[in-house]
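Each value in this text was obtained by applying a stated rule to the coordinates, not by laboratory testing. Note that this is a predicted model, so its numbers are computed, not measured. Virtual Cβ from ideal backbone geometry, glycine too; neighbours counted across all protein chains shown.
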Amino acid sequence: MLVPFLIMLREGIEAALIVGIVAGYLKQTGRGQWLGVVWLGILLAAGLSLFVGAALQFASAEFPQKLQELFEALVGLLAVCVLTSMVFWMRKAARSIANELRASVDAALAQPGHKAYGLIAMIFFAVAREGLESVFFLLATFQQSEGLAAPLGALLGLVCAAVIGYGIYVGGVRLNLRRFFRWTGIFILVVAAGILAGSIRALHEAGLWNHFQSVVVDLSGILPVGSAVGTLFSGIFGYQDTPTVSEVCAYSVFLVVTLYLFLRPARVPAVAAEYSRS
């Protein structure tokens, strides 16, 4: 429940920031009449995300066992790519996203005709990105968990994100967004490592990956994955009580490389460095 909650909270706040920046800019520049168009773009993006999620879930239910394992593996690998790119994109774009969005609004509304279409498209693609990222992550999570805890956590995260987003928009809520995205970025990379290990396991169960399958350590007698703590660790860290060599290697290499790249200081451009010394 915690993992879907935090992921949807982060995704929701990202989407809320995008919408809030655009809506606030429209109001500040006396173009508040276009706010209805913004909502239309949001609804279309939400509809697309729900349709894609439902279609993929329905399609997976019709697969035989081995194809279901292959589908789970492919969704997991795609979720890892999407989550990782999301974390690094926000790290890079956080400083300039407001200016870029305002420039996109001006460009959309500067078109000689069909201004509404340009604004709808801008909002649609910005929000759909967050929605589709959430869809692939939630599919990978739901396939590796049982019961209603994961869907409930995702729903609560989305509701909290909407409340916080509205609070940021009206100015009543102050968040240290840099710190928030940094710590949630670390958490997402840990989750992505677990999903990657689970995808390796699914590929083996589908009969497509049979290398390095010796068990590294058997913890089933100490901390079985079916226990309360084991289930919690499995949901957050991708824990397995009998991990194989390939799963441990995939988890460790991915986590070490991505955390190093994510946590290392951003490079200052040479021109900026020269300017700061002068």
R0 = 35 Å: FRET efficiency of N176 with L148, Cβ-based, nearest 0.05? 0.60
When a footprinting reagent is the concern and you count Cβ atoms within 10 Å, what order do T141, T29, T84 take, fewest first? T29, T84, T141
Quick check: net charge around G76, other residues with Cβ under 15 Å of its Cβ, Lys/Arg +1 and Asp/Glu -1? -4
Karplus ³J(HN,Hα) for region 226-240 (6.51 cos²θ - 1.76 cosθ + 1.60, θ = phi - 60°; Hz, whole; x = Gly/Pro) runs x, 6, 4, 5, x, 5, 4, 5, 5, x, 8, 10, x, 4, 10
Rank the residues Y166, Y260 as a footprinting-exposure proxy: fewest other Cβ atoms within 10 Å of their Cβ go first. Y260, Y166
Can you give the relative contact order of region 5-153 as a percent, counting alpha carbon pairs under 8 Å and 6+ residues apart? 44 percent
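For region 1-45, what class follows from the C-alpha gyration tensor (a ≥ b ≥ c being the square roots of its eigenvalues): rounded when a/c is under 1.5, otherwise prolate if a/b is larger than b/c, else oblate?
In terms of gyration-tensor shape, oblate.
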Would you kindly derive the ³J(HN,Hα) couplings of region 7-17 from the backbone phi angles with the Karplus curve 6.51 cos²θ - 1.76 cosθ + 1.60 (θ = phi - 60°), listing them in order in whole Hz, with x for Gly and Pro? 5, 5, 4, 5, 4, x, 5, 4, 5, 5, 4
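May I ask you to derive the FRET efficiency for L67 and W183 from their Cβ-Cβ distance with R0 = 41 Å, giving the value to the nearest 0.05?
So, using R0 = 41 Å, E works out to roughly 0.60.
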Projected label distance in nm at S227 and A103, using a 7 Å step from Cα toward the beta-carbon: 5.5 nm
Footprinting proxy, V38, V22: sorted fewest to most Cβ within 10 Å, the residues are V38, V22
Using each residue's phi in region 27-38, evaluate 6.51 cos²θ - 1.76 cosθ + 1.60 at θ = phi - 60° and report the 3J(HN,Hα) Karplus result to the nearest Hz, with x for Gly and Pro. 5, 5, 9, x, 10, x, 5, 8, 5, x, 5, 4
Among L35, L189, V256 the positive-end extreme of the charge dipole of the chain (Cβ point charges): L35
Note down the net charge around G238, summing +1 for each Lys or Arg and -1 for each Asp or Glu among other residues with Cβ under 11 Å from its Cβ. 0
Evaluated over region 2-267, the Cα radius of gyration and Dmax, each in Å: 20.4, 70
Provide the net charge surrounding S134, with neighbours chosen by a C-beta distance below 14 Å and charges set as Lys +1, Arg +1, Asp -1, Glu -1. -2
